[in-house]
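Student: Sharing a structure here in structure tokens format.
Since every read-out is calculated from the coordinates, none of them should be taken as a lab result. The shown structure was predicted, so the numbers you read here are calculated from the model rather than taken from an experiment. Here the Cβ positions follow ideal geometry from the backbone for every residue, glycine too, while neighbour counts run over all protein chains shown.
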Amino acid sequence: MDAATFLSAMKAVGAGLAVIGLIGAGIGIGNVFSSFIQAVGRNPSARGDVFTMTMLGFALVEAIALFALVIALIILFG
């Protein structure tokens, strides 16, 4: 195996490992919305306040997922 092929293979492995962060983001998003549903079920009148914090949590978790994806693309095509 020559050096270029080995480097290409290692880039693919590195990008695959970087994408593992998306698993955590999926679990985090599930937890955020699960907590939102439970909170609204317990106290429906607080829906507006809880929804605002839910969207903030969703945005932060989604940002982590996007960072992981960008890092994977940088490794793969950089």
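Student: Name the residue that is surrounded by the most Cβ atoms within 10 Å (Cβ to Cβ), counting only residues in region 18-32 that are free of Cβ contacts under 8 Å to residues at least 40 places away in the same chain and among the small types (G, A, S).
Tutor: G28
Student: Looking only at region 34-63, filter to residues that are surrounded by 15 or more Cβ atoms within 10 Å (Cβ to Cβ) and out of contact with any Phe, Trp or Tyr (no Cβ under 9 Å at 6 or more places or on another chain); which one of those is nearest to K11 (Cα to Cα)?
Tutor: V61
Student: On to the next question. Among the residues that make up region 33-53, is at least one of them assigned to a helix (DSSP H, G or I), without any contact (Cβ under 8 Å) to a residue 12 or more places away in the chain and in contact with a Lys or Arg (Cβ under 7 Å, 6 or more places away or on another chain)?
Tutor: There is at least one residue in region 33-53 that is assigned to a helix (DSSP H, G or I), without any contact (Cβ under 8 Å) to a residue 12 or more places away in the chain and in contact with a Lys or Arg (Cβ under 7 Å, 6 or more places away or on another chain).
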